[in-house]
Amino acid sequence: MKSIIQLTGVLDDCLCDIESIDDFNTFKIFPKIQKLQERDYFRYYKVNLKRPCPFWADDGHCSIKDCHVEPCPESKIPVGIKAGSSNKYSKAANNSKELEDCEQASKLGAVNSTLSNQSKEAFIDWARYDDSQDHFCELDDERSPDAQYVDLLLNPERYTGYKGPSAWRVWNSIYEENCFKPRSVYRPLNPLAPSRGGLGSFYLFSWTGLCLEKRVFYKLISGLHASINLHLCANYLLEETWGKPRWGPNVKEFTHRFDPIETKGEGPRRLKNLYFLYLIELRALSKVAPYFERSVVDLYTGNGHEDAESKALLLDIFRDTKSFHMHFDEKSMFAGDKKGAKSLKTEISGLVPWACCQDCG
(Lines give C-alpha, C1' and ligand atoms only; values in the text may rest on other atoms or scores of the structure.)
Protein backbone atom coordinates (compact mmCIF):
# COMPACT_ATOMS: atom_id res chain seq x y z
CA MET A 1 0.00 0.00 0.00
CA LYS A 2 2.87 2.35 0.72
CA SER A 3 4.01 2.16 -2.92
CA ILE A 4 0.62 3.47 -4.14
CA ILE A 5 0.82 6.81 -2.32
CA GLN A 6 4.20 8.28 -1.43
CA LEU A 7 4.21 10.94 1.28
CA THR A 8 7.28 13.10 1.80
CA GLY A 9 8.31 16.39 3.31
CA VAL A 10 7.55 18.43 6.42
CA LEU A 11 4.17 18.14 8.14
CA ASP A 12 2.08 21.27 8.50
CA ASP A 13 2.06 23.07 11.87
CA CYS A 14 5.22 21.38 13.16
CA LEU A 15 8.91 21.01 12.41
CA CYS A 16 8.91 17.29 11.76
CA ASP A 17 9.16 15.51 8.43
CA ILE A 18 7.47 12.29 7.36
CA GLU A 19 10.71 10.48 6.58
CA SER A 20 12.00 10.94 10.15
CA ILE A 21 8.77 9.56 11.62
CA ASP A 22 8.85 6.58 9.26
CA ASP A 23 12.43 5.69 10.18
CA PHE A 24 11.90 6.21 13.91
CA ASN A 25 8.74 4.12 14.01
CA THR A 26 9.99 1.34 11.73
CA PHE A 27 13.32 0.73 13.42
CA LYS A 28 12.67 1.72 17.04
CA ILE A 29 9.07 1.96 18.21
CA PHE A 30 7.03 -0.50 16.15
CA PRO A 31 9.05 -3.68 16.84
CA LYS A 32 9.00 -3.00 20.59
CA ILE A 33 5.30 -2.10 20.62
CA GLN A 34 4.54 -5.42 18.92
CA LYS A 35 6.39 -7.29 21.66
CA LEU A 36 4.71 -5.26 24.39
CA GLN A 37 1.25 -6.09 22.99
CA GLU A 38 2.00 -9.77 23.51
CA ARG A 39 2.53 -9.26 27.25
CA ASP A 40 -0.33 -10.33 29.48
CA TYR A 41 -0.61 -6.92 31.12
CA PHE A 42 -1.47 -5.29 27.78
CA ARG A 43 -3.01 -8.31 26.08
CA TYR A 44 -6.13 -8.78 28.22
CA TYR A 45 -8.80 -6.11 28.50
CA LYS A 46 -12.08 -6.13 30.41
CA VAL A 47 -15.09 -4.62 28.68
CA ASN A 48 -18.88 -4.82 28.71
CA LEU A 49 -19.73 -6.04 25.21
CA LYS A 50 -23.47 -5.92 25.94
CA ARG A 51 -23.56 -2.26 26.86
CA PRO A 52 -25.86 -0.29 24.54
CA CYS A 53 -24.69 2.77 22.62
CA PRO A 54 -25.23 5.81 24.91
CA PHE A 55 -25.98 8.16 22.02
CA TRP A 56 -28.75 6.50 20.02
CA ALA A 57 -30.64 3.24 19.65
CA ASP A 58 -28.85 0.84 17.34
CA ASP A 59 -28.79 -2.88 16.86
CA GLY A 60 -25.58 -4.56 17.96
CA HIS A 61 -25.61 -7.36 15.41
CA CYS A 62 -22.52 -7.88 13.30
CA SER A 63 -22.68 -7.39 9.55
CA ILE A 64 -20.50 -10.45 9.04
CA LYS A 65 -20.11 -13.40 11.36
CA ASP A 66 -16.34 -12.93 11.70
CA CYS A 67 -16.61 -9.40 13.10
CA HIS A 68 -17.83 -10.31 16.59
CA VAL A 69 -15.47 -10.11 19.58
CA GLU A 70 -14.53 -13.37 21.26
CA PRO A 71 -14.32 -13.10 25.07
CA CYS A 72 -11.86 -15.16 27.12
CA PRO A 73 -12.73 -17.59 29.89
CA GLU A 74 -11.57 -16.25 33.25
CA SER A 75 -9.49 -19.39 33.76
CA LYS A 76 -7.03 -18.06 31.17
CA ILE A 77 -6.66 -14.62 32.77
CA PRO A 78 -3.56 -14.06 34.97
CA VAL A 79 -4.40 -13.88 38.65
CA GLY A 80 -2.94 -10.39 39.07
CA ILE A 81 -5.17 -8.97 36.33
CA LYS A 82 -8.32 -10.63 37.70
CA ALA A 83 -7.59 -9.14 41.12
CA GLY A 84 -8.52 -5.69 39.83
CA SER A 85 -7.07 -2.25 40.45
CA SER A 86 -6.53 -2.92 44.16
CA ASN A 87 -3.76 -5.34 43.25
CA LYS A 88 -2.01 -3.34 40.54
CA TYR A 89 1.12 -3.07 42.66
CA SER A 90 3.11 -6.01 43.89
CA LYS A 91 3.79 -6.52 47.57
CA ALA A 92 7.44 -5.62 47.05
CA ALA A 93 6.45 -2.35 45.41
CA ASN A 94 4.13 -1.44 48.23
CA ASN A 95 6.94 -1.98 50.71
CA SER A 96 9.47 -0.03 48.70
CA LYS A 97 11.53 2.75 50.22
CA GLU A 98 10.04 5.16 47.71
CA LEU A 99 6.56 4.64 49.16
CA GLU A 100 7.87 4.95 52.73
CA ASP A 101 9.56 8.24 51.85
CA CYS A 102 6.30 9.47 50.42
CA GLU A 103 4.36 8.59 53.56
CA GLN A 104 7.01 10.20 55.74
CA ALA A 105 6.88 13.36 53.68
CA SER A 106 3.12 13.54 54.05
CA LYS A 107 3.46 13.40 57.85
CA LEU A 108 6.16 16.07 57.98
CA GLY A 109 4.28 18.35 55.62
CA ALA A 110 0.85 17.91 57.18
CA VAL A 111 -1.51 20.88 56.86
CA ASN A 112 -4.64 21.92 58.69
CA SER A 113 -7.35 19.91 56.93
CA THR A 114 -10.34 21.22 58.89
CA LEU A 115 -13.04 23.00 56.91
CA SER A 116 -15.44 25.76 57.87
CA ASN A 117 -19.18 25.24 57.38
CA GLN A 118 -19.08 27.84 54.63
CA SER A 119 -16.38 25.91 52.77
CA LYS A 120 -18.29 22.64 53.14
CA GLU A 121 -21.39 24.22 51.64
CA ALA A 122 -19.32 25.56 48.74
CA PHE A 123 -17.94 22.07 48.04
CA ILE A 124 -21.47 20.65 48.01
CA ASP A 125 -22.51 23.30 45.48
CA TRP A 126 -19.50 22.49 43.31
CA ALA A 127 -20.26 18.77 43.44
CA ARG A 128 -23.91 19.44 42.56
CA TYR A 129 -22.82 21.54 39.60
CA ASP A 130 -20.35 18.89 38.40
CA ASP A 131 -23.02 16.20 38.61
CA SER A 132 -25.34 18.29 36.43
CA GLN A 133 -22.79 18.52 33.62
CA ASP A 134 -22.23 16.01 30.84
CA HIS A 135 -19.44 13.62 31.70
CA PHE A 136 -16.27 14.06 29.65
CA CYS A 137 -16.41 10.45 28.52
CA GLU A 138 -18.37 7.29 29.04
CA LEU A 139 -16.36 4.82 31.11
CA ASP A 140 -16.90 1.09 31.22
CA ASP A 141 -17.56 -0.34 34.66
CA GLU A 142 -15.15 -3.25 35.10
CA ARG A 143 -17.21 -4.44 38.05
CA SER A 144 -20.33 -4.86 35.93
CA PRO A 145 -21.61 -8.47 35.90
CA ASP A 146 -21.75 -8.21 32.10
CA ALA A 147 -18.07 -7.26 31.77
CA GLN A 148 -15.86 -9.87 30.11
CA TYR A 149 -12.16 -10.26 29.43
CA VAL A 150 -11.04 -9.96 25.81
CA ASP A 151 -7.75 -11.18 24.35
CA LEU A 152 -6.65 -8.36 22.05
CA LEU A 153 -4.27 -10.66 20.17
CA LEU A 154 -7.22 -12.83 19.14
CA ASN A 155 -9.37 -9.81 18.31
CA PRO A 156 -7.23 -7.51 16.14
CA GLU A 157 -8.53 -4.28 14.68
CA ARG A 158 -9.80 -5.14 11.21
CA TYR A 159 -12.70 -4.89 8.76
CA THR A 160 -16.07 -5.47 10.44
CA GLY A 161 -18.53 -4.97 7.61
CA TYR A 162 -20.03 -2.02 9.48
CA LYS A 163 -21.23 0.35 6.75
CA GLY A 164 -24.13 2.35 5.37
CA PRO A 165 -26.30 4.88 7.26
CA SER A 166 -25.23 3.70 10.73
CA ALA A 167 -21.52 4.16 10.06
CA TRP A 168 -22.17 7.45 8.27
CA ARG A 169 -24.14 8.71 11.29
CA VAL A 170 -21.26 7.96 13.68
CA TRP A 171 -18.62 9.87 11.74
CA ASN A 172 -21.00 12.66 10.78
CA SER A 173 -21.70 13.24 14.47
CA ILE A 174 -18.02 13.08 15.39
CA TYR A 175 -17.06 15.75 12.86
CA GLU A 176 -20.15 17.92 13.32
CA GLU A 177 -19.99 18.03 17.12
CA ASN A 178 -16.24 17.99 17.68
CA CYS A 179 -14.82 20.06 14.83
CA PHE A 180 -14.93 23.79 14.35
CA LYS A 181 -16.66 25.10 11.28
CA PRO A 182 -14.35 26.85 8.81
CA ARG A 183 -15.71 28.86 5.92
CA SER A 184 -16.09 25.85 3.68
CA VAL A 185 -16.94 22.34 4.87
CA TYR A 186 -18.31 19.71 2.54
CA ARG A 187 -20.57 17.17 4.19
CA PRO A 188 -19.92 13.43 3.86
CA LEU A 189 -21.36 11.49 0.98
CA ASN A 190 -25.01 10.53 1.03
CA PRO A 191 -25.41 7.74 3.62
CA LEU A 192 -27.85 5.94 1.33
CA ALA A 193 -25.38 5.87 -1.55
CA PRO A 194 -23.61 2.55 -2.28
CA SER A 195 -20.57 2.00 -0.05
CA ARG A 196 -17.61 -0.29 -0.45
CA GLY A 197 -17.77 -1.26 3.19
CA GLY A 198 -16.15 -0.13 6.39
CA LEU A 199 -16.75 3.00 8.39
CA GLY A 200 -18.30 5.49 6.01
CA SER A 201 -17.00 8.45 4.07
CA PHE A 202 -14.47 11.08 5.02
CA TYR A 203 -15.07 14.78 5.21
CA LEU A 204 -13.68 17.14 2.60
CA PHE A 205 -12.26 19.93 4.70
CA SER A 206 -10.98 23.48 4.26
CA TRP A 207 -8.46 25.10 6.62
CA THR A 208 -9.64 28.60 5.74
CA GLY A 209 -10.12 30.76 8.82
CA LEU A 210 -8.93 28.23 11.42
CA CYS A 211 -6.27 29.04 14.00
CA LEU A 212 -3.51 26.59 14.97
CA GLU A 213 -5.37 25.16 17.96
CA LYS A 214 -8.49 24.38 15.93
CA ARG A 215 -6.45 22.89 13.10
CA VAL A 216 -4.68 20.62 15.57
CA PHE A 217 -8.00 19.51 17.05
CA TYR A 218 -9.36 18.60 13.63
CA LYS A 219 -6.17 16.81 12.60
CA LEU A 220 -6.37 14.55 15.64
CA ILE A 221 -9.89 13.41 14.77
CA SER A 222 -9.02 13.03 11.10
CA GLY A 223 -5.88 11.08 12.03
CA LEU A 224 -7.92 8.71 14.20
CA HIS A 225 -10.35 8.22 11.30
CA ALA A 226 -7.46 7.47 8.94
CA SER A 227 -5.95 5.00 11.42
CA ILE A 228 -9.18 3.02 11.71
CA ASN A 229 -9.64 2.93 7.95
CA LEU A 230 -6.04 1.86 7.38
CA HIS A 231 -6.50 -1.03 9.80
CA LEU A 232 -9.60 -2.28 8.02
CA CYS A 233 -7.86 -1.97 4.62
CA ALA A 234 -4.78 -3.82 5.87
CA ASN A 235 -6.78 -6.64 7.48
CA TYR A 236 -9.78 -7.13 5.21
CA LEU A 237 -12.04 -10.14 4.77
CA LEU A 238 -11.07 -11.02 1.20
CA GLU A 239 -13.06 -14.21 0.84
CA GLU A 240 -14.52 -17.10 2.77
CA THR A 241 -14.29 -20.61 1.40
CA TRP A 242 -15.40 -23.80 3.15
CA GLY A 243 -16.12 -21.80 6.29
CA LYS A 244 -12.54 -20.52 6.52
CA PRO A 245 -12.09 -16.74 6.13
CA ARG A 246 -9.05 -15.35 4.32
CA TRP A 247 -7.86 -12.00 5.62
CA GLY A 248 -5.34 -9.69 4.00
CA PRO A 249 -4.65 -6.25 2.49
CA ASN A 250 -7.34 -4.81 0.25
CA VAL A 251 -5.55 -2.48 -2.15
CA LYS A 252 -8.76 -1.52 -3.94
CA GLU A 253 -10.36 -0.34 -0.71
CA PHE A 254 -7.21 1.55 0.26
CA THR A 255 -7.20 3.32 -3.10
CA HIS A 256 -10.86 4.22 -2.69
CA ARG A 257 -10.16 5.92 0.64
CA PHE A 258 -6.73 7.49 0.10
CA ASP A 259 -5.87 7.80 -3.59
CA PRO A 260 -5.48 11.50 -4.59
CA ILE A 261 -7.68 11.11 -7.67
CA GLU A 262 -10.52 9.14 -6.07
CA THR A 263 -10.60 11.43 -3.03
CA LYS A 264 -10.23 14.70 -4.97
CA GLY A 265 -6.83 15.32 -3.40
CA GLU A 266 -7.94 14.67 0.19
CA GLY A 267 -6.38 11.19 0.61
CA PRO A 268 -2.76 12.30 1.15
CA ARG A 269 -3.89 14.93 3.66
CA ARG A 270 -5.76 12.26 5.61
CA LEU A 271 -2.58 10.19 5.79
CA LYS A 272 -0.58 13.24 6.85
CA ASN A 273 -3.07 13.76 9.67
CA LEU A 274 -2.30 10.22 10.79
CA TYR A 275 1.39 11.14 10.99
CA PHE A 276 0.44 14.24 12.95
CA LEU A 277 -1.59 12.13 15.40
CA TYR A 278 1.41 9.82 15.81
CA LEU A 279 3.59 12.82 16.62
CA ILE A 280 1.16 14.01 19.31
CA GLU A 281 0.99 10.52 20.84
CA LEU A 282 4.78 10.33 20.82
CA ARG A 283 4.94 13.58 22.74
CA ALA A 284 2.35 12.34 25.23
CA LEU A 285 4.34 9.16 25.89
CA SER A 286 7.53 11.13 26.50
CA LYS A 287 5.72 13.31 29.05
CA VAL A 288 4.10 10.42 30.96
CA ALA A 289 7.38 8.47 31.15
CA PRO A 290 8.49 9.85 34.58
CA TYR A 291 5.40 8.34 36.21
CA PHE A 292 6.25 4.81 35.06
CA GLU A 293 9.97 5.23 35.75
CA ARG A 294 9.27 5.21 39.49
CA SER A 295 10.13 1.93 41.21
CA VAL A 296 6.76 1.90 42.99
CA VAL A 297 4.90 1.50 39.69
CA ASP A 298 4.70 -2.13 38.65
CA LEU A 299 2.89 -3.78 35.73
CA TYR A 300 1.47 -6.47 37.96
CA THR A 301 -0.01 -9.72 36.63
CA GLY A 302 1.23 -12.11 39.31
CA ASN A 303 4.12 -13.44 37.23
CA GLY A 304 7.16 -11.66 38.67
CA HIS A 305 9.55 -12.55 35.85
CA GLU A 306 7.19 -11.46 33.08
CA ASP A 307 6.19 -8.32 34.98
CA ALA A 308 9.84 -7.26 35.26
CA GLU A 309 10.42 -7.89 31.55
CA SER A 310 7.24 -5.99 30.62
CA LYS A 311 8.25 -2.93 32.59
CA ALA A 312 11.80 -3.03 31.22
CA LEU A 313 10.42 -3.11 27.69
CA LEU A 314 7.99 -0.27 28.45
CA LEU A 315 10.78 1.88 29.88
CA ASP A 316 12.90 1.13 26.82
CA ILE A 317 10.08 2.48 24.63
CA PHE A 318 9.84 5.58 26.81
CA ARG A 319 13.59 6.18 26.45
CA ASP A 320 13.16 6.03 22.69
CA THR A 321 10.25 8.47 22.70
CA LYS A 322 12.23 10.96 24.77
CA SER A 323 15.20 10.67 22.40
CA PHE A 324 13.14 11.73 19.38
CA HIS A 325 14.46 15.16 18.39
CA MET A 326 11.46 16.61 16.55
CA HIS A 327 8.62 16.48 19.06
CA PHE A 328 5.50 18.58 18.60
CA ASP A 329 5.89 21.77 20.63
CA GLU A 330 2.69 22.08 22.68
CA LYS A 331 3.90 25.46 23.96
CA SER A 332 3.11 26.88 20.54
CA MET A 333 -0.58 26.49 21.35
CA PHE A 334 -2.62 29.02 23.36
CA ALA A 335 0.36 31.37 23.19
CA GLY A 336 -1.54 34.57 22.42
CA ASP A 337 -2.88 37.10 24.87
CA LYS A 338 -4.17 35.55 28.09
CA LYS A 339 -7.79 36.59 27.55
CA GLY A 340 -7.91 35.21 24.02
CA ALA A 341 -6.13 31.98 25.01
CA LYS A 342 -8.55 31.44 27.90
CA SER A 343 -11.54 31.98 25.64
CA LEU A 344 -10.16 29.51 23.10
CA LYS A 345 -9.52 26.89 25.77
CA THR A 346 -13.09 27.28 27.00
CA GLU A 347 -14.41 26.89 23.46
CA ILE A 348 -12.42 23.71 22.88
CA SER A 349 -13.19 22.16 26.28
CA GLY A 350 -16.90 22.76 25.63
CA LEU A 351 -16.95 20.37 22.69
CA VAL A 352 -18.82 17.12 23.24
CA PRO A 353 -16.44 14.12 23.08
CA TRP A 354 -17.64 11.05 21.26
CA ALA A 355 -16.94 7.38 21.73
CA CYS A 356 -17.82 5.12 18.82
CA CYS A 357 -20.06 2.16 19.43
CA GLN A 358 -18.26 -1.16 19.63
CA ASP A 359 -19.09 -2.13 16.03
CA CYS A 360 -17.35 0.99 14.69
CA GLY A 361 -13.92 -0.56 15.01
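Quick notes on this one:
- For segment 217-308, the solvent-accessible area with a 1.4 angstrom probe is 48 square angstrom per residue.
- Residue order by solvent-accessible surface for Ile18, Ile261, Ile81 is Ile261, Ile81, Ile18, largest first, with ligands and nucleic acids left out and a 1.4 Å probe.
- Protection-proxy order for peptides 5-17, 211-223, each taking the mean of Cβ atoms within 10 Å per residue, highest first: 211-223, 5-17
- Over 27 Å between alpha carbons, listed pairs Lys163/Lys214; Lys32/Lys214; Lys46/Lys331; Lys35/Lys82: Lys163/Lys214; Lys32/Lys214; Lys46/Lys331
- When both segment 209-231 and segment 262-326 are represented by their alpha-carbon centers, they are found 19 Å apart.
- Segment Lys82..Ser144, full-extension length gain: 21.0 nm, with 0.36 nm per residue of separation and the alpha-carbon distance subtracted.
- Length gained when the stretch Glu240-Lys339 is fully extended (0.36 nm per residue, less Cα-Cα span): 29.7 nm
- Additional length obtainable on full extension of the chain from Glu70 to Ser20, 0.36 nm per residue less Cα span: 14.2 nm
The values are calculated or read from the model by the stated rules, or taken from the named source; none is laboratory data. Remember, predicted model here, so these are calculated numbers, not experimental data. Positions of Cβ are backbone-derived with ideal geometry, glycine not excepted, and every protein chain shown enters the neighbour counts. Please note that ligands, DNA and RNA were not included when accessible areas were found on the heavy atoms of the full protein model with its side chains. Shrake-Rupley method; radii C 1.70, N 1.55, O 1.52, S 1.80 Å.
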